[in-house]
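The values are calculated or read from the model by the stated rules, or taken from the named source; none is laboratory data. Model, not experiment: these values are computed from the prediction. Virtual Cβ from ideal backbone geometry, glycine too; neighbours counted across all protein chains shown. Calculation scope for accessible area: heavy atoms of the full protein, side chains included, ligands and nucleic acids excluded. Shrake-Rupley method; radii C 1.70, N 1.55, O 1.52, S 1.80 Å.
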Amino acid sequence: MTRETTRRRILQVTGGTLVVGATASAVSAQEDDEDEAVDDDYSPLEADGEIDESWPIEDRDAVTVEEEIGDVETGDDVVVPEEFLLDGSVIAGGSVVLEDDAEVDGAVDAGEHVRFEDDTEAEDVAAGGHVVLGPDAEVDGDVEAGGDVLLQEDAEVGGNVDADGDVVLEDDAEVDGDVTGQSVDVADSAEVDGDVNETG
């Protein structure tokens with residue numbers, strides 16, 4: 001009999017580090033048929049300015065950070081909620097979302113995708129998948145992505161952008177360092193202070 005594991009996330013503080021754990025309970029395979037398939041090939045560059053609010057984390061409430069101090073380490077997804085200041089870094093096996101006006105006083109490292117919504121900020125970003133910096137989002141250091149990188153209007157990166165996929169800088173986006181990607185599309189009003197390297 002096929003079974004699916006559902007998870008209930010638990011937040012706990014252990015030795016100054018906020019750990020998002022999981023407890024499992026089994027449910028019947030009948031629910032498998034009700035689940036929608038996830039499109040792993042989706043890129044935010046295909047969104048034409050309107051990225052679906054459920055990308056890359058559909059159930060944001062289940063993985064929302066609640067403690068303000070300490071590093072967040074988990075094998076799951078992480079959401080830093082709107083107007084929240086996290087004094088630490090985020091290390092997640094899944095995806096990471098910073099909602100509007102959230103700030104991480106440290107690095108963001110995700111095994112999957114990273115999305116910064118409007119007016120968000122962090123030190124450095126590393127992702128196994130795609131990275132989106134929304135309008136007026138800011139990364140003080142470098143952005144590294146295993147997929148595509150999108151800097152929306154007025155987004156800023158204080159260091160380099162290095163992507164295994166494509167890179168797009170929309171109007172008035174700024175990168176203080178080099179930009180590397182298979183293809184790099186820089187809007188007329190965007191600025192790159194370093195070199196632009198296309199690897200494709």
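How do 122-133, 155-166, 53-64, 188-199 rank on mean C-beta neighbours within 10 Å, highest first?
Numbers: 122-133: 24.2, 155-166: 20.9, 53-64: 15.7, 188-199: 13.1.
Highest-to-lowest ranking by the protection proxy: 122-133, 155-166, 53-64, 188-199.
Length gain on complete extension for the stretch SER54 to ASP185, per 0.36 nm per residue less the alpha carbon to alpha carbon distance?
Details: separation 131, 0.36 × 131 = 47.16 nm, distance 2.55 nm.
Residue separation times 0.36 nm, minus the Cα-Cα distance, leaves 44.6 nm.
Long-range amide H contacts for THR180: which residues qualify at under 5 Å (H placed 1.01 Å from N, peptide plane, sequence gap of 5 or more or a different chain)?
For THR180, whose amide H was placed from the backbone, the distant partners under 5 Å are VAL161, ASP162, ALA163, ASN197.
What's the center-to-center distance, using Cα atoms, between the range 129-183 and the range 84-111 in Å?
Using only Cα atoms to place each centre, the spacing works out to 16 Å.
Carbon and sulfur together cover what percent of the accessible area of the range 54-200 at a 1.4 Å probe radius?
Working: 1840 of 6050 Å².
About 30 percent, which is the carbon plus sulfur part of the accessible surface.
Once you place label points 7 Å from the Cα toward the Cβ at GLU123 and ASP87, how far apart are they in nm?
About 1.4 nm separates the two model spin labels.
Under 5 Å between amide hydrogens, which residues at least 5 positions from THR120 or on another chain qualify, with H placed 1.01 Å from N in the peptide plane?
Correct list: ASP101, ALA137, GLU138.
Starting from 0.36 nm per residue, how many nanometres of slack lie between ASP195 and GLU46 once their C-alpha separation is accounted for? Let's see the in-between values first.
Numbers: separation 149, 0.36 × 149 = 53.64 nm, distance 2.52 nm.
Stretched fully, the ASP195-GLU46 segment lengthens by 51.1 nm.
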